[in-house]
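K.L.:
Before anything else, here's the structure in question.
The values are calculated or read from the model by the stated rules, or taken from the named source; none is laboratory data. Not measured: the values here are computed from a predicted model. Quick reminder, even Gly has a Cβ in these numbers, built from the backbone with ideal geometry, and neighbours come from all protein chains shown.
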Amino acid sequence: MVRPPRAWMSLCSAILGLCLYAYAAPAWSADRTLKFGYVVMPGSAYERSIGAIPDIVRAATDGALSIELVPLENSREAVDRLAGDSIQIAALFPASSELRGLDLAAVPGVLDDLDAYRLAMQELLRPVFELSADKLGLRFLATGALSGLAIFTDASVSAKGGLNGSRIGVGSPAYAAMIAAVNTQVVILRTREMFTALQTRSLDGALIRTWRAERLRIPEIAKTAVDWPYGRLTPWVVVADAARWAELARPQREAAEKALQELEAAAFAAAREEEFSVRAQLRDQGIAFAGLSVDQLRGEPVLVALRSVQDAWIKRTPDPEMYKALIVEASVYGTGGGGCPDHFERCGDRGCQVTCE
């Protein structure tokens, strides 16, 4: 019997292998389309950044990879749908989805400024986030944040007198002790209930993200916004199911990852621009920005409360000791909090710092 040449047998084996791979490959991989779920945040710089991803990825991969955006209601839904494989990529808010390790910028008193977060990502956090995501079966691709937090009130506020025992509504128990530490009475209630509470004067003020204030109609009833420097960022991340992402051809993966990192840089710049734009819009609607004194914001009661918040955050993580060490290391990049008086704009791209005074 004449045996076929070894090279011919190798070629046949290779062709057979490719055929078997093509048959076994999942359908979404074959047509190179990934479903990308994202938590809706209408009109925000975040949503505009996410909306640009399909075109950016298509261009980066020469059309080999397509992204189909799927709007979602909340971050928990995004995590569940990633696990169920109805989406393969997601943009979500890690602090509200239990993705511990990816939520560092949300911890009050650590990275309270956009530029601090951006720099920490460049020099420290990216490999940490990649490792944390990998432990969750995810591939970390990009991050960004919304920025701005203030106590909105219709009372006049002086830097020296502060809030003078005012009743302040707070949406998160994590902030209650800190706000109470600056001579206030704290009431915990849902953010969407704050307009009515302010309108009926059952509250004197409410702690609200500045980028949500207009949609909540806060300028209709509040005349002053007292900047709160701790926990000003609302970070978001883009993650993919690690197994699904690994099934993409390597050139596609690498091109898409590079494009998303470039998007990240643009997203930080857009968020900074939005922060200043929101403040200008609120001023145009009659809101005056004010700041508490550095003595109040750096006083022992606030710092004790701040440490308590951080300790509680650390205890909820899978590796508390590692997370605690990471907070210490990342805090070097932070602004350290402080007052945010009317000369906020003169602080330039470093944002809200004590050194501006």
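K.L.:
List the number of the failed condition for ASP80; all other conditions in (1) modelled with pLDDT under 90; (2) part of a helix (DSSP H, G or I) hold.
P.N.:
(1)
K.L.:
Please enumerate the residues belonging to the range 261-301 that are surrounded by fewer than 19 Cβ atoms within 10 Å (Cβ to Cβ), under 25 Å from ARG215 (Cβ atoms) and of a type in the set (Asp, Glu).
P.N.:
Selection gives GLU273, ASP284.
K.L.:
Using the structure shown, decide if VAL239 is in a strand (DSSP E or B), closer than 30 Å to THR153 by Cα and at pLDDT 90 or above. Outline the logic, then answer.
P.N.:
Details: in a strand (DSSP E or B): yes; closer than 30 Å to THR153 by Cα: no; at pLDDT 90 or above: yes.
For VAL239, the condition - in a strand (DSSP E or B), closer than 30 Å to THR153 by Cα and at pLDDT 90 or above - is not met.
K.L.:
Can you name the number of the only condition in (1) free of Cβ contacts under 8 Å to residues at least 40 places away in the same chain; (2) surrounded by fewer than 19 Cβ atoms within 10 Å (Cβ to Cβ); (3) under 25 Å from GLY101 (Cα atoms); (4) of a type in the set (A, V, I, L, M, F, W, C) that ALA176 fails?
P.N.:
Exception for ALA176: condition (2).
K.L.:
Moving on. Pull up the range 205-236, narrow it to residues that are assigned to a loop (DSSP other than H, G, I, E, B) and charged (D, E, K, R), then point me to the one that is farthest from GLU130 (Cα to Cα).
P.N.:
We begin by selecting, within the range 205-236, every residue assigned to a loop (DSSP other than H, G, I, E, B); these are 214-217, 221-223, 228-232.
This time we only want the ones that are charged (D, E, K, R), so: 214-215, 217, 223, 232.
Details: GLU214: 35, ARG215: 34, ARG217: 39, LYS223: 43, ARG232: 24 Å.
In this case the residue turns out to be LYS223.
K.L.:
In the set GLN281, GLN261, GLN310, GLN252, which member is in a helix (DSSP H, G or I), farther than 21 Å from LEU114 by Cα and polar (S, T, N, Q)? I'd like the intermediate steps shown before the answer.
P.N.:
Numbers: GLN281 fails: farther than 21 Å from LEU114 by Cα; GLN261 fails: farther than 21 Å from LEU114 by Cα; GLN310 fails: farther than 21 Å from LEU114 by Cα.
That would be GLN252, the only listed residue that is in a helix (DSSP H, G or I), farther than 21 Å from LEU114 by Cα and polar (S, T, N, Q).
K.L.:
I've got another one for you. I need the full set of residues from the range 312-329 which are closer than 15 Å to PRO173 by Cα and either among the aromatic types (Phe, Trp, Tyr) or at pLDDT 95 or above (or both), in order please.
P.N.:
Of everything in the range 312-329, just one residue is closer than 15 Å to PRO173 by Cα and either among the aromatic types (Phe, Trp, Tyr) or at pLDDT 95 or above (or both), namely TRP313.
K.L.:
For the range 130-147, name all the residues that are buried (at least 22 other Cβ atoms within 10 Å of the Cβ) and of a type outside the set (Val, Ile, Thr).
P.N.:
Across the range 130-147, the qualifying residues are SER132, LEU138, PHE140, LEU141, ALA142, GLY144, ALA145, LEU146, SER147.
K.L.:
Return the pair list, or none, for Cβ contacts closer than 7 Å from residues in the range 135-149 that are farther than 20 Å from MET322 by Cα to residues that are buried (at least 24 other Cβ atoms within 10 Å of the Cβ) and of a type in the set (Lys, Arg), at least 6 apart or on different chains.
P.N.:
SER147/ARG232; GLY148/ARG232; LEU149/ARG232
K.L.:
List the pairs whose first member sits in the range 46-57 and is of a type outside the set (D, E, K, R), whose second member is part of a helix (DSSP H, G or I) and buried (at least 23 other Cβ atoms within 10 Å of the Cβ), and whose Cβ atoms are under 7 Å apart, counting only residues at least 6 apart or on separate chains?
P.N.:
Close Cβ pairs (under 7 Å, with a partner that is part of a helix (DSSP H, G or I) and buried (at least 23 other Cβ atoms within 10 Å of the Cβ)) amount to SER49/ALA267; VAL57/ALA256.
K.L.:
Just for helices (runs of 4 or more DSSP H) wholly inside the range 84-187: which have at least 2 residues that are in contact with a Gly (Cβ under 7 Å, 6 or more places away or on another chain) and not small (Gly, Ala, Ser)? Let's see the steps before the verdict.
P.N.:
Values: elements: 114-120, 126-135, 173-180.
Hits in the range 84-187: 114-120.
K.L.:
A further question follows. Which one of the conditions (1) among the hydroxyl-bearing types (Ser, Thr, Tyr); (2) part of a helix (DSSP H, G or I); (3) surrounded by fewer than 21 Cβ atoms within 10 Å (Cβ to Cβ) does TYR323 fail to meet, given that it meets all the rest?
P.N.:
Checking TYR323 against (1) among the hydroxyl-bearing types (Ser, Thr, Tyr); (2) part of a helix (DSSP H, G or I); (3) surrounded by fewer than 21 Cβ atoms within 10 Å (Cβ to Cβ), the one that fails is (3).
K.L.:
Another question, if that's okay. State whether one or more residues within the range 209-218 are surrounded by fewer than 15 Cβ atoms within 10 Å (Cβ to Cβ), at pLDDT below 95 and over 26 Å from GLN296 (Cα atoms).
P.N.:
First, pick out the residues of the range 209-218 that are surrounded by fewer than 15 Cβ atoms within 10 Å (Cβ to Cβ): 215, 217.
Of the ones still in play, those that are also at pLDDT below 95 are 215, 217.
Filter once more, keeping what is over 26 Å from GLN296 (Cα atoms): 215, 217.
Yes: one or more hits.
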